[in-house]
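Take a look at the structure below.
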Amino acid sequence: MRQRVVIALALCVNPKLVIADEPTTALDVSIQAQIIKVLKRLCADHGAAVMLITHDMGVIAETADRVAVMYAGRIAEIGPVSDVIKRAKHPYTHGLMGSIPVIGHDLDRLTQIEGSMPRLTEIPRGCPYNPRCPRVFDRCRAERPDLMPVDRSRVACWLYDQEVPAHG
Ligand code: SF4
């Protein structure tokens, strides 16, 4: 009910954009689905866009058109949801997707991303993901990659630099 009240309050001012930060956290799955449905319907009725901030890839897959995967405060990969989920390009996105159990797939262990997220005051030089990346090479430790176009997505990773052949 609190989520519904907050959604109603947000829409009172006829916004063009609603930023919903973890709107379904701590809700059970059926209420989650109801809240997302209400949010989508009301925003469509009001002509507002929704930016959803969440850790739940299931919610993203079911609701969003585009997704930006963030790492250490920056976008690592951005693109259409179907591309990012089914054909993840950035090694961090790969790790995230590999850590999600798939019903019907018999696995002893899920993929685990080694190490932990850096403090925002101690972000490593070069690519911020380099201490944890299984595909790291020399350039990653020296230069920070900006987003570069790859198919319909954009990815901040030197593996996709068209000008310099990738290593690793
Ligand atoms: S730039 Fe290098 S360290 Fe960063 S994600 Fe790509 S391969 Fe890994």
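Structure notes:
- For segment 115-131, the set of residues classified as under 19 Å from M70 (Cβ atoms) and either among the aliphatic types (A, V, I, L, M) or more than 8 Å from the ligand (Cβ to nearest atom) (or both) consists of G115, S116, M117, P118, R119, L120, T121, E122, I123, P124, P131, listed by residue number.
- A Cβ distance below 9 Å, combined with a sequence gap of six or more or placement on separate chains, defines the contacts here; from segment 118-136, residues that are over 14 Å from T93 (Cα atoms) and part of a loop (DSSP other than H, G, I, E, B) reach residues that are of a type in the set (S, T, Y) and near the ligand (Cβ under 8 Å from one of its atoms) in the pairs V136/Y129.
- Scanning segment 90-107 turns up one or more residues that are open to solvent by 50 Å² or more (accessible area, probe 1.4 Å), within 23 Å of V50 (Cβ to Cβ) and at pLDDT below 90.
- The lone criterion from (1) within 8 Å of the ligand (Cβ to nearest atom); (2) assigned to a loop (DSSP other than H, G, I, E, B) left unmet by C140 is number (2).
- The single residue among I60, I19 that is in a helix (DSSP H, G or I), at pLDDT 85 or above and closer than 30 Å to C127 by Cβ turns out to be I60.
- Residues of segment 22-51 that turn out to be part of a strand (DSSP E or B) and over 17 Å from A64 (Cα atoms), as a count: 0
The values are calculated or read from the model by the stated rules, or taken from the named source; none is laboratory data. What you see is a predicted model, and the numbers here were worked out from it, not measured in a lab. Positions of Cβ are generated from backbone atoms using ideal geometry, with glycine treated the same way; all protein chains shown enter the neighbour counts. Remember, those area values only see protein heavy atoms, side chains included, never the ligands or the DNA or RNA. Shrake-Rupley method; radii C 1.70, N 1.55, O 1.52, S 1.80 Å.
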